[in-house]
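The values are calculated or read from the model by the stated rules, or taken from the named source; none is laboratory data. Everything quoted here is computed from the prediction, not taken from an experiment. For neighbour counting, all protein chains shown are included, and Cβ atoms are generated from backbone atoms with ideal geometry for every residue, glycine included. The protein model used for the area step is the full one, side chains on, heavy atoms only, and it has no ligands, DNA or RNA in it. Shrake-Rupley method; radii C 1.70, N 1.55, O 1.52, S 1.80 Å.
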Amino acid sequence: MVFKMSSVDIGIDLGTANIIITLGGRGIVLNEPSVVAYDKKKKQVIAVGREAYDMLGRTPEYIVAAYPLRDGVISDNYMTEIMTREFIRKVSGSMLIKPRIVLCVPSFVTDVERRALVETALRAGARKVFLIDEPVAALLGAGVDITKPSGVMVVDIGGGTTDIAVASFNGIVSSASIKMGGNKMDTAIIKYIHAKYKLIIGEKTAEAAKKNIANVYDPDGTARMAVKGRDVIKGLPVSVDINDYDLQEALSVCVDEIISTIRTVLEKTPPELVGDIHTNGVVLTGGGALLGGLDRLVTSFVGAPCLTANKPVECVARGVGMAFRHTGELLDGFEKISLYKYK
């Protein structure tokens, strides 16, 4: 049974690094960092999203700017609820009817964590909440037809988690999820720069280096970038030049973990579907799909074409929005949409 999407239906990709929201038939209406700034003196939230992100590393001691989600799950219920409510208010204005909400979740989350997400959305103003597994949303948003009995693999690399799954004939055949994503890659870069150059840099600087010069497949040293921070020994501000070799070495453990998990999922996949993947290829989604050279590295490992989805950061959010056409088949709150057939 297919239900028409209402103009007040809200789809939320509540990511560790970013929150992306779709509204009715308008598509994506909000894409902002999942950051909250909290004033400990006044005991109130003073900013969310991009405004709070700009405060990271720049606030006095009594103001905390932080991500309330870690590794794809809620680490601070109060902050997450405040952030979600504020974003819903931003996109919905003064709706007279409470919206239906579809939330995506990493495939490994427990029932307790699922319940926390649902209750957060209800308290934030939803009248009805549905959940969809992240790999299914990613495939839908990438435009992959999973109704056919033919295997396709998705590698969805978010800020806190990487979800890898093989889908065929309306469902997930094999999958795995690891707590590895953009945030841990940034941390790895920070540690590497500290160890090699005796320089302390911030998360934003590490993220900029990752986006601008990373090449995890065939670096040649030509991509360079100046990073600024504090000298470990002198305690003074300094700047050093790093290159794509540095980034490959810094990210090697992170990338190896993703490749190893791809191997694990393939080992659990029936041989016929592995053969399909050799033809259909691997789809990269999420912000991590933009990591330089990753598509070629996966291709060299799997031996199948690896394609980066169009606007990979938005794939999950687009898939969440598409899921509204199937919510009439689900129980409220706790059923996995991935278990249901798309007609």
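A few comments on the model shown:
- Computed extension length for residue 89-residue 300: 71.4 nm, one decimal, from 0.36 nm per residue of separation with the Cα-Cα distance subtracted.
- Principal axis extents of the C-alpha atoms in the stretch 1-113 (largest first, rounded to whole Å): 53, 34, 20.
- Only helices enter this figure: runs of n ≥ 4 DSSP H residues, each worth -39500 (n - 2.57), summed and divided by the residues of the chain, yield -10500 deg cm²/dmol at 222 nm to the nearest 500.
- Environment charge at residue 239 (Cβ cut-off 14 Å; Lys +1, Arg +1, Asp -1, Glu -1): +3
- If both residues of a DSSP beta bridge must be in the stretch 57-195, then about 70% of such bridges are antiparallel.
- For the stretch 129-207: accessible area per residue (Å², 1.4 Å): 31 Å²
- In this structure, residue 42 and residue 252 have a Cβ-Cβ separation that, at R0 = 41 Å, corresponds to a calculated FRET efficiency of about 0.40.
- Solvent-accessible area, 1.4 Å probe, carbon plus sulfur percent, for the chain: 53 percent
- DSSP bridge orientation in the chain - percent antiparallel, rounded to nearest 5: 70 percent
- Of the whole protein surface, residue 140 contributes about 20 Å² of accessible area at a 1.4 Å probe radius.
- Cut-off 9 Å between beta-carbons: net charge of the residues surrounding residue 165, Lys and Arg +1, Asp and Glu -1: -4
- Label point at residue 231 placed 7 Å out along Cα→Cβ; residues across the stretch 193-217 whose backbone nitrogen lies under 18 Å: 193-202
- Label-reachable residues, the stretch 166-188, where backbone N falls under 19 Å from a point 7 Å from residue 260's Cα toward its Cβ: 175-188
- The eigenvalues of the Cα gyration tensor, multiplied by 5 and square-rooted, give the chain an equivalent ellipsoid with semi-axes of 33, 29, 14 Å from largest to smallest.
- Placing unit charges on the Cβ atoms only, positive for Lys and Arg and negative for Asp and Glu, gives the chain a dipole magnitude near 1140 debye about its Cα centre.
- Label sites at residue 115 and residue 211, each approximated as a point 7 angstrom past Cα along Cα to Cβ, lie 3.9 nm apart.
- Here the stretch 84-113 is scanned for amide nitrogen atoms under 13 Å from the site 7 Å beyond the Cα of residue 127 along Cα-to-Cβ, giving 95-101.
- In this rough spin-label picture, where each label sits 7 Å from Cα along the Cβ direction, the residue 169-residue 268 distance is 1.9 nm.
- Only Cα sites of the stretch 236-310 enter the Debye sum here, all with the same form factor; the resulting log10 I(q)/I(0) across q = 0.21, 0.26 1/Å is -0.99, -1.31, listed in q order.
- Potential lengthening of the chain between residue 77 and residue 148 amounts to 21.6 nm, from the contour at 0.36 nm per residue minus the alpha-carbon distance.
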